[in-house]
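Right, one structure below, let's go through it.
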């Protein structure tokens, strides 16, 4: 057995994989990350995690003229020993800035082959020991109105001699065979003065940079309760912590001033609404300050009319879609845990405006809100939307939940009038859902086509979300619904619990995105349904199956095949890592 009180110390000794952009080296809240592997003598690629895409700026960023003999990648450093005796260390010393140190070195070549997203670029300045490169990162997302973003990269040589000849940049070692060089890169808001200041702050050794990264890891990871874990559990906790903290970034533009949660670095390099809410399940335990940042960033980017976009980027927010109204659910827990009334006040003020947006912009003559397509529910290609926009069971229930959370926040702030108002609004919407979306014959909530009012008799996890939000159905009816659908092995409690579409539906397709696999956010909400209605044995059994499935996979995938439990999608998904950490803490604390 191991104990989590040594978790961060052991995490610092973990062997890391930095060979692909989804797992690149990027500590200290950086949005610049490095790809390295045992076959390349240096830094193979440099990526910029910016505006929804991960941009390859250099393919062959820095190299030495020898083969790799040994290679070590740790959370705080990368080390190579080359066949000619060169010993290379790479470590970050501050945000988007890293140090390269080489002993017994041959010449080092830098800024070599431009990557596929590096546009026009040029040497802006060269002087003894320093070079600046200005250029543009090419935008690959046509939803962004800007075709390219300005970048500024710099290198300062502390030990060795810099040569810039015909655009080729090399560094020769000093008389002692040493090279020491600092690198820094910025995007969007570029400043020569600011960049040079960061380069001037470079430490005198890679060991000092390693210490800076270690300090950041301890700060960002925070702490977990001291709990015992098996060897497999402990290993998964190490991986989970790494997945979460290396997906943090202090991004520029609209995202500046806050710490962003990237769901999966290299794949989803932006701040999503519902991803952040589920990642908070871990961060509210580990580091509540970061958890608050994630919520405040969402509400601070709210449009003037109250619309909160699906995700936030540095220069644009996804303009058309929203995501489930879960900010209240995530923020209320956090406000109660920290007793932070200032945070509660900011969140309540914003969510009241957001509630009004839902009730105006998405209200229909049915008295319920509609949803145009699956992207807004988070269930991207769900068959629920195959015939067009629906009065979505889950989206209405999420809004009910957010109203109830607003009422609770108002009570915390001693605002009884506001509390009563939002409780009444939630009750009215919940009652309307029963009137129109509840099928008493099947005892299940069903989506209704917005255009015709026709019911869509498809069994999905969404049909149980009203119970999670607090439905006016009596307990006996609710429990019958849970037993009949959620805990029935033919529908949702089979090989891997809580598939996005019931096992016995004709459209069920276990490996096909939201048409059959199990997604941990929806599975977590289903566990909360069981907990809410006191079905403790079923709750623990469902949690156990999901928990053990994640351990078997060994990585925190975006989704899982609901027949085999095999992971699919991104291997470093933040919400899956966060839910594992929360499950571990709950299980070990006896919940």
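Residues that are buried (at least 24 other Cβ atoms within 10 Å of the Cβ) and over 22 Å from residue 256 (Cα atoms) within the stretch 327-347 comprise 328, 335, listed in sequence order. Only one entry in 3, 51, 104 is on the phi > 0 side of the Ramachandran plot, in contact with a strand residue (DSSP E or B) (Cβ under 8 Å, 6 or more places away or on another chain) and surrounded by fewer than 18 Cβ atoms within 10 Å (Cβ to Cβ), namely 104.
For the stretch 158-198, a residue qualifies if it is closer than 30 Å to residue 51 by Cβ and either loosely packed, with under 15 Cβ neighbours inside 10 Å or not assigned by TED's automatic domain parsing to the domain that holds residue 65 (or both), and the qualifying residues are 167, 189, 191, 192, 193, 194, 197. When residue 564 is tested against (1) crowded, with 20+ Cβ neighbours inside 10 Å; (2) under 16 Å from residue 496 (Cα atoms), just one condition goes unmet, and that condition is (1).
Within this structure, residue 121 fails the test of being in the same structural domain as residue 41 (by TED's automatic domain parsing), free of Cβ contacts under 8 Å to residues at least 40 places away in the same chain, over 22 Å from residue 190 (Cα atoms) and over 29 Å from the mean Cα position of the chain (by Cα).
Does residue 461 satisfy the condition of being closer than 21 Å to residue 503 by Cβ, buried (at least 16 other Cβ atoms within 10 Å of the Cβ) and touching a strand residue (DSSP E or B) at 6+ places or on another chain (Cβ under 8 Å)? In short, no. The residues listed here are 531, 566; of these, the one that is without any contact (Cβ under 8 Å) to a residue 12 or more places away in the chain, assigned by TED's automatic domain parsing to the domain that holds residue 288 and in contact with a helix residue (DSSP H, G or I) (Cβ under 8 Å, 6 or more places away or on another chain) is 531. Across the stretch 90-101, the number of residues qualifying as assigned to a loop (DSSP other than H, G, I, E, B) and either at negative phi or free of Cβ contacts under 8 Å to residues at least 40 places away in the same chain (or both) comes to 1. Taking the stretch 305-339 as the range and being assigned to a helix (DSSP H, G or I) and within 16 Å of the chain's Cα centre (by Cα) as the test, the residues that pass are 327, 330. Within the stretch 130-157, restricting attention to residues that are within 25 Å of the chain's Cα centre (by Cα) and buried (at least 20 other Cβ atoms within 10 Å of the Cβ), the residue that is nearest to residue 202 (Cα to Cα) is 151.
Return a yes/no flag: does the stretch 434-453 have any residue that is modelled with pLDDT of 95 or more, assigned to a helix (DSSP H, G or I) and crowded, with 20+ Cβ neighbours inside 10 Å. Yes: the stretch 434-453 contains one or more residues that are modelled with pLDDT of 95 or more, assigned to a helix (DSSP H, G or I) and crowded, with 20+ Cβ neighbours inside 10 Å.
Flag set for residue 120, criterion: modelled with pLDDT of 95 or more and more than 21 Å from residue 100 (Cβ to Cβ). Scanning the stretch 356-365 for residues that are buried (at least 16 other Cβ atoms within 10 Å of the Cβ) and either touching a helix residue (DSSP H, G or I) at 6+ places or on another chain (Cβ under 6 Å) or within 13 Å of residue 432 (Cβ to Cβ) (or both) yields a single hit, 358. For the residues 395, 412, the requirement of being surrounded by 24 or more Cβ atoms within 10 Å (Cβ to Cβ) and modelled with pLDDT of 95 or more singles out 395. Among the residues of the stretch 420-436, those that are within 25 Å of residue 455 (Cα to Cα) and out of contact with any helix residue (DSSP H, G or I) (no Cβ under 6 Å at 6 or more places or on another chain) comprise 427, 428, 431, 432, 434, 435, 436.
Criterion applied to 503, 557 was being free of Cβ contacts under 8 Å to residues at least 40 places away in the same chain and buried (at least 19 other Cβ atoms within 10 Å of the Cβ), and the one residue passing it is 557.
For the stretch 288-304, taking the residues that are under 15 Å from the mean Cα position of the chain (by Cα) and surrounded by fewer than 23 Cβ atoms within 10 Å (Cβ to Cβ), the one that is nearest to residue 376 (Cα to Cα) is identified as 297.
Just wondering, is there one or more residues in the stretch 1-16 that are under 26 Å from residue 170 (Cβ atoms), within 23 Å of the chain's Cα centre (by Cα) and either free of Cβ contacts under 8 Å to residues at least 60 places away in the same chain or in the same structural domain as residue 147 (by TED's automatic domain parsing) (or both)? No; the residues of the stretch 1-16 include none that is under 26 Å from residue 170 (Cβ atoms), within 23 Å of the chain's Cα centre (by Cα) and either free of Cβ contacts under 8 Å to residues at least 60 places away in the same chain or in the same structural domain as residue 147 (by TED's automatic domain parsing) (or both).
The values are calculated or read from the model by the stated rules, or taken from the named source; none is laboratory data. All values reported here derive from a predicted model rather than from experimental measurement. So basically every Cβ, Gly included, is an ideal-geometry build from the backbone, and we count neighbours across all protein chains shown.
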